[in-house]
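Chemist: Have a look at the structure that comes next, please.
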Amino acid sequence: MDVMGIKGKTALVTGAAQGIGEEVARALAELGARVAAVDLNAEKLNGLTAGLRADGHQAEAFPVDVGDSSAVDEITARIEREIGPIDILVNVAGVLRPGLIESISDHDWEATFSVNSTGVFNVSRSVSKYMMNRRSGSIVTVGSNAAAMPRTSMAAYASSKAAAAMFTKCLGLELAEYNIRCNVVSPGSTETEMQWSLWPDENGGQAVIAGSLETFKTGIPLKKIAKPSDIANAVLFLVSDRAGHITMHDLRVDGGATLGV
């Protein structure tokens, strides 16, 4: 029984080559969606979709830089022609360039916003035009709890994620009359390559759970770091029929790290 209303729908997932994006793509495919997997890393992307097809699922790879609006429009049109009308969009693609503000280069700032903010705008704008014609659809942007709390050495990342979250809410307001829901899932620390890159050693996970007064970072009340599946489950709920009356919502999935703020 398709209790979530996902089976048979076409889902575009950005950042699908690894981490949370990969987990979201897998979860949607396992629920019977036709997955259009988008990422800049063609090798990993092709490996993911080949594996999903070998398991009997429907998935195709579409390598693209989400910061390139023309390329995004071309890929969206291809997906509509070759896979089917896009019912679900999940914006997961993201990059992290940590550093104190005084040391952030123009390139790192622009590269962060190109993917984390402009990428969400490019893909959402492109896909929503098709959804508007059909007067249906669901869009979820995977943001970050860093968008709600100041963080040292995270100014570019946190600012870009805050921009993406507010953009998604504004999009939801404009698209409500077309029966298109737009929501945000904001993870905290999650076991991905991005998170591991911040750890100085094998004890990095425990340090994250404990928090740090020196860097003004709270710990995680639930005493554990999220798994990609924890984030994917939140995404699945928001794109599903079970969340049919939810839009412009930001669902924080961080084990209580931002204390409900």
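Chemist: From the phi angles alone, apply the Karplus equation (6.51, -1.76, 1.60; θ = phi - 60°) to the range 118-129 and give each ³J(HN,Hα) in whole Hz, x where the residue is Gly or Pro.
Modeler: Going residue by residue, I get 5, x, 5, 4, 4, 6, 5, 4, 5, 6, 5, 4 Hz, with x marking Gly and Pro.
Chemist: May I pose another question? Quote the charge dipole size of the chain about the Cα centre in Debye, to the nearest 20; the model charges only the Cβ of Lys and Arg (+1) and of Asp and Glu (-1).
Modeler: The dipole of the chain has a size of about 820 debye.
Chemist: Separate question: Out of Ala25, Leu48, Gly84, whose Cα points farthest toward the positive end of the dipole of the chain (charges: +1 Lys, Arg; -1 Asp, Glu; placed on Cβ)?
Modeler: Among Ala25, Leu48, Gly84, the one farthest towards the positive end of the dipole of the chain is Gly84.
Chemist: Can I ask one more? Quick check: the angle from helix 155-175's long axis to the longest principal axis of the chain, C-alpha only, nearest 10 degrees?
Modeler: For 155-175 against the chain, the angle is about 30 degrees.
Chemist: Amide H neighbours of Lys217 under 5 Å, counting only residues 5+ apart in sequence or on other chains, H built in-plane at 1.01 Å?
Modeler: Under 5 Å from the amide H of Lys217: Ser212.
Chemist: Which angle from 0 to 90°, rounded to the nearest 10, does the C-alpha axis of helix 69-82 make with the longest principal axis of the chain?
Modeler: 40 degrees
Chemist: Along the range 29-38, what does the Karplus equation 6.51 cos²θ - 1.76 cosθ + 1.60 (θ = phi - 60°) give for ³J(HN,Hα), rounded to whole Hz, x for Gly and Pro?
Modeler: So the Karplus estimates, Gly and Pro as x, are 4, 5, 8, x, 6, 8, 9, 9, 8, 10 Hz.
Chemist: Under unit Cβ charges (Lys, Arg +1; Asp, Glu -1), what dipole magnitude, rounded to 20 debye, does the range 1-132 have relative to its Cα centre?
Modeler: 480 debye
Chemist: Something else now. Amide H neighbours of Val185 under 5 Å, counting only residues 5+ apart in sequence or on other chains, H built in-plane at 1.01 Å?
Modeler: When sequence neighbours closer than 5 places are left aside, the close amide H contacts are Thr141, Val142, Gly143, Leu251.
Chemist: Just the Kirkwood number for the chain, please: inverse of mean 1/r across all distinct Cα pairs, in Å, one decimal.
Modeler: Values: mean 1/r = 0.0544 Å⁻¹.
Radius from the Kirkwood sum: 18.4 Å.
Chemist: Moving on to the next point. Quick check: residue separation of Leu222 and Arg53 times 0.36 nm, minus the Cα distance between them. What number comes out in nm?
Modeler: Contour length minus the Cα-Cα distance gives 57.2 nm.
Chemist: Just to verify a number: FRET efficiency for Ala111 and Asp241, C-beta to C-beta distance, R0 = 45 Å, to 0.05?
Modeler: For R0 = 45 Å, the calculated efficiency reads 0.75.
Chemist: Let me know the Rg and Dmax you get for the range 8-138 when you use only its Cα atoms, in Å.
Modeler: 15.0, 50
Chemist: Using the number of other C-beta atoms within 10 angstrom as an exposure proxy, rank Tyr178, Tyr157 with the fewest first. Present the calculation step by step, with values, prior to reporting the outcome.
Modeler: Details: Tyr178 15, Tyr157 24.
Taking fewest neighbouring Cβ atoms as first place, the list is Tyr178, Tyr157.
Chemist: Sticking with this one: Could you sort the peptides 235-248, 99-112, 143-156, 13-26 by per-residue average Cβ neighbour count (10 Å cutoff), highest mean leading?
Modeler: Order by mean packing, descending: 13-26, 143-156, 235-248, 99-112.
Chemist: With an 8 Å cut-off on Cα pairs and a minimum separation of 6 or more residues, tell me the relative contact order of the chain in percent. Don't skip to the answer; put the middle values down first.
Modeler: Working: 528 pairs, mean separation 48.3, N = 261.
Once divided by the residue count of the chain, the mean separation gives 18 percent.
Chemist: Hey, another quick one. What do you get for the angle between helix 228-239 and the principal long axis of the chain? Use alpha-carbon atoms, 0 to 90 degrees, nearest ten.
Modeler: Once rounded, the angle reads 50 degrees.
Quick note: the coordinates plus some simple rules give every number you see, no bench work behind them. Only a predicted model underlies this, so the values are computations on that prediction, with no experimental measurement involved. Glycine also receives a Cβ, built like all others from the backbone with ideal geometry; neighbour counts cover every protein chain displayed.
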